[in-house]
Structures are given as structure tokens and as C-alpha cells.
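Asker: Below is one structure. I have some questions about it.
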Amino acid sequence: MMSLWGNSEHQYFMKQFILFLISISLLLPLFATSSASVSVKNLRVWNAPDNTRVVLDLSSSIDYRITPFYNPDRIAIDIKNARLSKGIPHEIKNNPYIKRFRYGNYSKNITRIVLDLKKPVRVKSFTLKPNNVYGYRLVVDLFDKKKTVAAKIIRPPAKRTGIVTIAIDAGHGGEDFGASGKKKTREKKIVLSIAKELKKLVDKDPALRSHMTRTGDYYVSLRRRTKQARRANADLFISIHADAFRRSSARGAAVFTLSNSGASSETARWLANKENAADLVGGASISDREDVVAGVLLDMQMDKTLEYSLSFGGQVLKEMRKITKLHSKTVQQAGFVVLKSPDIPSVLIETGFISNPYEERKLKSRKYQKQVATAIYKGIKQFISHEKVAFMKPASTRK
Ligand SMILES: [Zn+2]
């Protein structure tokens, strides 16, 4: 047997083997970049009353295409050179749009994710770049085809009823957790609880009615929040938050309004920048991020609205002081995007700092959540009687 492996023959095989190793090492990086360059790491679903949002976590930016199919209804998300991580869900429970997910290869280098649907949908998709919370993401929003048409026909009531409409805006939601406490308490959850308590108080009052900009755990873009308030013919807009600060010693409640001449303090500027970045975390398409009211800040109407916002904020602060320490004794001002309605007095209330362990515990308690809601409610009542409802304008002036 040994004779078969003569010296020259052995060298020949060694040479072949080395060539083989070299060719493999050359091919490997090619394979990595051309056949499996993006990994789909996770898939999340968020349900809103009028849509479902599917979010894919990705290792890098992607080339993708979405195709709808009918009979049976389904949509295909095709991604070039993708690799799916294990643990991506196949099942989904109680979703109004999606029956299940299926995964497969459409062609050699295209991975297909199929959403089997319960009914035909309208699809809107966009990608998001990394931020300090997430990496690259693909967002696919599914809307009810019929509902959207119906929603456009409904117009706000033309005549005022004398009832004051309060837009209650629970900050963050869905992909955007907001701030987190040391004990992992999430701002989005706390502020929704407070918002719901406030809604109860407002709805019990025959002189008031409420509109919630979000009612569950899903993200609503900042622009859509103000749009909703306008559509509901809101007279006041109240955004509820419980943020974190760089120093965990920071504590106390604070009330903010818009500013047309820069921020009133460093904290106000810092918080406004943080809040304004919510769309990047929560996920908003470019059309949802356009700032339609930019440039109207110097309008006379805006000045009047700001005056009412400051007056209303002052009333809320007066009530908040009775239940908690104040971070600042006067209404603070900064360029919060969510407060930019030119004709609706708007305030943003920081109900406490979730980054402060003492306040985190307090914010989690039902008792404090109810106290905050009551303080805001009393602030609304004080403001209305103080301003004698002069701030209310006929609906026809609303755009
Ligand atoms: Zn916040």
C-alpha cells in the first residue's frame, strides 16, 4: 500500500490540498457577503385600534420588496441575502389581521416572509436607521382597507356644544418604551395608567369629554398625536410623561409648554430633545415626521395659544404641588414637537422622574397615579373657570 503513496504523488496531493484550502478561504468571505449578509434577528407585533405594526430587527440595512397576494389574502416580504435567526415567531394570537407567519426561500438569494392574513389590508412600510435603543429595523404597518375610507368621511361636528374636549396624550408606547427606572419600570406603561385615570375623571364630568391619542401599547407618531387632537376638536392638549434624567437624584414634577424663543432651562432643552427623538425610536415614516406647523410660531394665534398654555400649566402646577415635590416652581418652556398645535393650548406634564428610585416606586403605585390624574383634572377645572372658556374658538376656525 505504501508504494502507492510515492514521494512525488504525495507532494501532488499536498499541493492539491493546499490549493483547495486557499480556494475555500477565498470563497468564504464571498459567501458571507453575498448569500447571508443580513440577519433578521427578531420580529415584534404591536396592535393599535386601526392598524397592526410588524417590526423586524435587522443586522444591517436591507433590500426588500413587499407584494400582496389575494385568495387567500397574504403579503410577502422578500429580503435579499437574509438569514433568519432561530426563535422568530410563527404563531400569533388574537391579531385582527394576521393568521400566522411563514418563512422560506423564494429564490437562491431571496428570503421570503409570508404573512397569512384574515382579510385584505393596506400596507405601508419603511426602514429605520439605528439609534441608542435599536439597530436597523423594517416596519410594516397593516391597515384595514374599508375603515380608512369610512374615517375620511367623518367630519368633526360643525357646532360647538359648549363641552370642553380634552386630548389626553400618554407619551411613548409600542417600540418606544420611554424612560426606564432602576427596577425596569417603563415610562410608557406608567403614563398610560395615569392617562386612563384622567380619562375616567374627565368622562364623569358632564362639562368635559376626552380623547385619548393612544389607548394601548403601540406607538403613535408625534405629528399624528396633534392631528388626532385637531380632528377631535380638542380645546386642551395634555401630554403625560415620567422621564429619566442624567442624575438619579433629580426628582419632582414639572410642567412644560412650547417656547418661541429658546428653552427656559437646560433641563427643559434636554428633555425636549429627548422627547422629540421619540419618532426615531417608536418608528414614524417620513410623511409622519413632517413638521406641518413649522414657521407659524410667531403667529398672533400662536401667541394667544401660548398664553393659555402657560395659564393652564400654572393651574396644573398649583395642584401638583399639593401631592408631590416640584422640580421647578414655574412652567418651563422648550421646543417640544408634540406641543406645536397653533390653536390648541398644550402642556406636557412630567409626573415625576422614573430615574429616581424613590419616585419610581411612587409612580408605580395606583394611589399616586390617581392623585396625579386628580391634580390634572382639578387644574383643567380651575383653568376653565379662570379663563371663563374664552379660549374656546368655533370649530370652523380649525383646520
Ligand atoms: Zn417621556
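Asker: Could you tell me which numbered condition residue 184 fails, if it satisfies all but one of (1) within 13 Å of the ligand (Cβ to nearest atom); (2) surrounded by fewer than 19 Cβ atoms within 10 Å (Cβ to Cβ)?
Answerer: Going through (1) within 13 Å of the ligand (Cβ to nearest atom); (2) surrounded by fewer than 19 Cβ atoms within 10 Å (Cβ to Cβ) one by one, residue 184 breaks only (1).
Asker: If you don't mind, another one. Taking the range 331-357, which residues are more than 12 Å from the ligand (Cβ to nearest atom) and more than 16 Å from residue 266 (Cα to Cα)?
Answerer: Those that are more than 12 Å from the ligand (Cβ to nearest atom) and more than 16 Å from residue 266 (Cα to Cα): 337, 339, 340, 341, 342, 343, 344, 345, 346, 347, 356, 357.
Asker: Okay, next question. Just one of the numbered conditions (1) part of a loop (DSSP other than H, G, I, E, B); (2) away from the ligand (no atom under 15 Å from the Cβ) is not true of residue 315; which one?
Answerer: (1)
Asker: Just checking, how many residues over the range 239-282 are of a type outside the set (S, T, N, Q) and assigned to a helix (DSSP H, G or I)?
Answerer: Result for the range 239-282: 13.
Asker: Next question. Check the range 358-372 and report whether any residue there is outside any helix (DSSP H, G or I) and at positive phi.
Answerer: Checked the range 358-372: no residue is outside any helix (DSSP H, G or I) and at positive phi.
Asker: Here's something else I'd like to know. Scanning for something away from the ligand (no atom under 16 Å from the Cβ), at pLDDT below 95 and among the hydroxyl-bearing types (Ser, Thr, Tyr), does the range 264-271 turn up at least one residue?
Answerer: Yes, the range 264-271 contains a residue that is away from the ligand (no atom under 16 Å from the Cβ), at pLDDT below 95 and among the hydroxyl-bearing types (Ser, Thr, Tyr).
Asker: Residue by residue through the range 246-258, note down the ones that are under 8 Å from residue 356 (Cα atoms), open to solvent by 20 Å² or more (accessible area, probe 1.4 Å) and within 16 Å of the ligand (Cβ to nearest atom).
Answerer: Correct list: 251 only.
Asker: Considering each residue of the range 344-386, count those that are of a type outside the set (Gly, Ala, Ser) and open to solvent by 20 Å² or more (accessible area, probe 1.4 Å), and give that number.
Answerer: 16
Asker: For the range 217-229, state whether one or more residues are away from the ligand (no atom under 15 Å from the Cβ), under 20 Å from the mean Cα position of the chain (by Cα), crowded, with 19+ Cβ neighbours inside 10 Å and of a type in the set (A, V, I, L, M).
Answerer: Scanning the range 217-229 turns up at least one residue that is away from the ligand (no atom under 15 Å from the Cβ), under 20 Å from the mean Cα position of the chain (by Cα), crowded, with 19+ Cβ neighbours inside 10 Å and of a type in the set (A, V, I, L, M).
Asker: Okay, next question. Identify all residues within the range 191-202 that are open to solvent by less than 10 Å² (accessible area, probe 1.4 Å) and either away from the ligand (no atom under 16 Å from the Cβ) or touching a helix residue (DSSP H, G or I) at 6+ places or on another chain (Cβ under 6 Å) (or both); write none if there are none.
Answerer: 194, 198, 202 - these are the residues of the range 191-202 that are open to solvent by less than 10 Å² (accessible area, probe 1.4 Å) and either away from the ligand (no atom under 16 Å from the Cβ) or touching a helix residue (DSSP H, G or I) at 6+ places or on another chain (Cβ under 6 Å) (or both).
Asker: Within the range 165-181, which residues are within 23 Å of residue 43 (Cβ to Cβ), within 13 Å of the ligand (Cβ to nearest atom) and not acidic (Asp, Glu)?
Answerer: 172, 173, 177, 178, 180 - these are the residues of the range 165-181 that are within 23 Å of residue 43 (Cβ to Cβ), within 13 Å of the ligand (Cβ to nearest atom) and not acidic (Asp, Glu).
Asker: What pairs come out if I take residues in the range 164-185 that are under 18 Å from residue 281 (Cα atoms) and not assigned by TED's automatic domain parsing to the domain that holds residue 139 and pair them with residues that are more than 11 Å from the ligand (Cβ to nearest atom) and β-branched (Val, Ile, Thr) whose C-beta lies under 6 Å away, six or more apart or interchain?
Answerer: Within 6 Å, the pairs are 169/213.
Asker: Sticking with this structure for a sec: Could you grab me the full set of residues in the range 204-216 that are open to solvent by less than 50 Å² (accessible area, probe 1.4 Å) and in a strand (DSSP E or B)?
Answerer: Listed by number, the residues that qualify are 208, 210, 212.
Asker: Additional query: Filter the range 231-245 down to residues that are within 15 Å of the ligand (Cβ to nearest atom) and not hydrophobic (A, V, I, L, M, F, W, C) and give me whichever is farthest from residue 211 (Cα to Cα).
Answerer: Looking at residues that are within 15 Å of the ligand (Cβ to nearest atom) and not hydrophobic (A, V, I, L, M, F, W, C), I get 243.
Asker: Okay, moving on. What pairs can you find where one residue is in the range 342-366 and without any contact (Cβ under 8 Å) to a residue 40 or more places away in the chain, the other is crowded, with 24+ Cβ neighbours inside 10 Å, and their Cβ atoms are less than 9 Å apart, with a gap of 6+ or different chains?
Answerer: 362/352
The values are calculated or read from the model by the stated rules, or taken from the named source; none is laboratory data. Keep in mind that this is a model prediction, so the values were computed, not measured. Note: ideal-geometry Cβ built from the backbone for every residue, glycine included; neighbour counts use all protein chains shown. Heads up: the accessible areas ignore ligands, DNA and RNA and are worked out on the full protein's heavy atoms, side chains in. Shrake-Rupley method; radii C 1.70, N 1.55, O 1.52, S 1.80 Å.
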